[in-house]
Amino acid sequence: MSVTLVEKAPAKINLTLRVLGRRADGYHLLESLVAFADLADTLSLQPGGEAALDIAGPFAAACGPAAGNLVLKAFAALQGRVPGLKAGRFLLEKNIPVAAGVGGGSADAAAALRLLARANNLAAGDARLAEAAPMVGADVPVCLDPRARIMRGVGDGLSAALDLPPLAALLVNPGVTLATRDVFAAFAGRGGGKTPLAGMPREPGALIEWLGEHGNDLTQPAIACAPVIADVLKALGELPGVRLARMSGSGATCFALFASPGEAAAAAQRLGSERKDWWICPTTLGPVEKRP
């Protein structure tokens, strides 16, 4: 019997996000400092037979039909590039909120590509993995090797991996899903940030101060689509010990940064007692353990 293969699919957090312009085909050009959380979905693959997907976990019901899931789209994209690609049955444990601005679906797709590479004895650096990734989604390339990077263009321009320090964080989602296309539609006509990403410090306190100079251009458009995001940011900004409160990606998930995991955990407990209708998760942003 073949051995079940397992990969973590960590949540992607946009620590900063600038909208620099728009291509003729309508896609927006971005610049974003991306880090990954220790909050993750878990994707396993039992090799053998046709590609299939089962979904479990706290956010399974929000994923919709398995046939449209990015895990199976990742398989189809790689199958078109690797003749005779072997698949099997995937099991996705969905712990990351859906359509929440933290790249859960993209992380799952990237994990599927890594699993398929292992099942088919493809090297982690096989060019066909990198070719398949953007065919599934713009955030899949940065999730393929989940380490902090600067992401540019439409997700196709990735810096070398960055050695960011671990950052104690609190993730909060108010329980609303937000379509990226709606947020970009609301952004139309607005000006983007002007400060380029440069001179990034490596010490945690200095890094958080530096992040304060680089915002998320999609925050106000997202609030226009889902006003509750403003309530989340206000609540985070009022927590004891908070150093920075910001929205991730196109929302609706927001994050707060703290000086220590203890402060983040205490803030989670306090906010959780006040807002039982919000999803609240203390986490750490930073280094992701490499697979064996």
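The values are calculated or read from the model by the stated rules, or taken from the named source; none is laboratory data. These numbers were taken from a predicted model, which means no experiment stands behind them. Here the Cβ is made from the backbone with ideal geometry for all residues, glycine too, and neighbour counts use every protein chain on show.
Yes or no: region 226-235 includes at least one residue that is in contact (Cβ under 8 Å) with a residue 12 or more places away in the chain, over 18 Å from ASN95 (Cβ atoms) and basic (Lys, Arg). Looking for residues that are in contact (Cβ under 8 Å) with a residue 12 or more places away in the chain, over 18 Å from ASN95 (Cβ atoms) and basic (Lys, Arg), one finds none in region 226-235, hence no.
Residues are listed down the side, and each one gets a yes or a no for (1) among the hydroxyl-bearing types (Ser, Thr, Tyr); (2) at pLDDT below 95; (3) not in a strand (DSSP E or B); (4) not assigned by TED's automatic domain parsing to the domain that holds ALA117:
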{"residue": "ASP25", "(1), (2), (3), (4)": "no, yes, yes, no"}
{"residue": "SER32", "(1), (2), (3), (4)": "yes, no, no, no"}
{"residue": "LEU43", "(1), (2), (3), (4)": "no, no, no, no"}
{"residue": "GLY49", "(1), (2), (3), (4)": "no, yes, yes, no"}
{"residue": "ILE55", "(1), (2), (3), (4)": "no, no, no, no"}
{"residue": "LEU72", "(1), (2), (3), (4)": "no, no, yes, no"}
{"residue": "PHE75", "(1), (2), (3), (4)": "no, no, yes, no"}
{"residue": "LEU91", "(1), (2), (3), (4)": "no, no, no, no"}
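Would a scan of region 113-132 turn up a residue that is assigned to a helix (DSSP H, G or I), out of contact with any Pro (no Cβ under 6 Å at 6 or more places or on another chain) and closer than 18 Å to SER250 by Cα? Looking for residues that are assigned to a helix (DSSP H, G or I), out of contact with any Pro (no Cβ under 6 Å at 6 or more places or on another chain) and closer than 18 Å to SER250 by Cα, one finds none in region 113-132, hence no. For region 165-181, does any single residue satisfy the condition of being part of a helix (DSSP H, G or I) and within 24 Å of LEU233 (Cα to Cα)? Within region 165-181 (the criterion being part of a helix (DSSP H, G or I) and within 24 Å of LEU233 (Cα to Cα)), the answer is yes, since at least one residue qualifies. Within region 92-119, residues that are among the acidic types (Asp, Glu) and surrounded by 24 or more Cβ atoms within 10 Å (Cβ to Cβ) have Cβ atoms under 9 Å from residues that are modelled with pLDDT of 95 or more and part of a helix (DSSP H, G or I) in these pairs: ASP108/LEU70; ASP108/VAL71; ASP108/ALA74; ASP108/CYS143, counting only partners at least 6 apart in sequence or on another chain. Would you mind stating whether ALA224 is assigned by TED's automatic domain parsing to the domain that holds GLY272, farther than 19 Å from SER32 by Cβ and surrounded by 13 or more Cβ atoms within 10 Å (Cβ to Cβ)? Considered against the rule, which asks whether it is assigned by TED's automatic domain parsing to the domain that holds GLY272, farther than 19 Å from SER32 by Cβ and surrounded by 13 or more Cβ atoms within 10 Å (Cβ to Cβ), ALA224 comes out as yes. When GLU263 is tested against (1) over 16 Å from the mean Cα position of the chain (by Cα); (2) farther than 20 Å from LEU211 by Cα, just one condition goes unmet, and that condition is (2).
For ARG81, indicate whether it is surrounded by fewer than 16 Cβ atoms within 10 Å (Cβ to Cβ), more than 20 Å from the chain's Cα centre (by Cα) and either assigned by TED's automatic domain parsing to the domain that holds ALA35 or in contact (Cβ under 8 Å) with a residue 40 or more places away in the chain (or both). Here the answer is yes, as ARG81 does meet what is asked.
Consider region 2-37. How many of its residues are of a type outside the set (Gly, Ala, Ser) and crowded, with 17+ Cβ neighbours inside 10 Å? Of the residues in region 2-37, 18 are of a type outside the set (Gly, Ala, Ser) and crowded, with 17+ Cβ neighbours inside 10 Å. ALA185 fulfils the conditions (1) surrounded by fewer than 16 Cβ atoms within 10 Å (Cβ to Cβ); (2) touching a Lys or Arg at 6+ places or on another chain (Cβ under 8 Å); (3) under 25 Å from LEU70 (Cβ atoms); (4) of a type in the set (Gly, Ala, Ser) except for a single criterion, (2).
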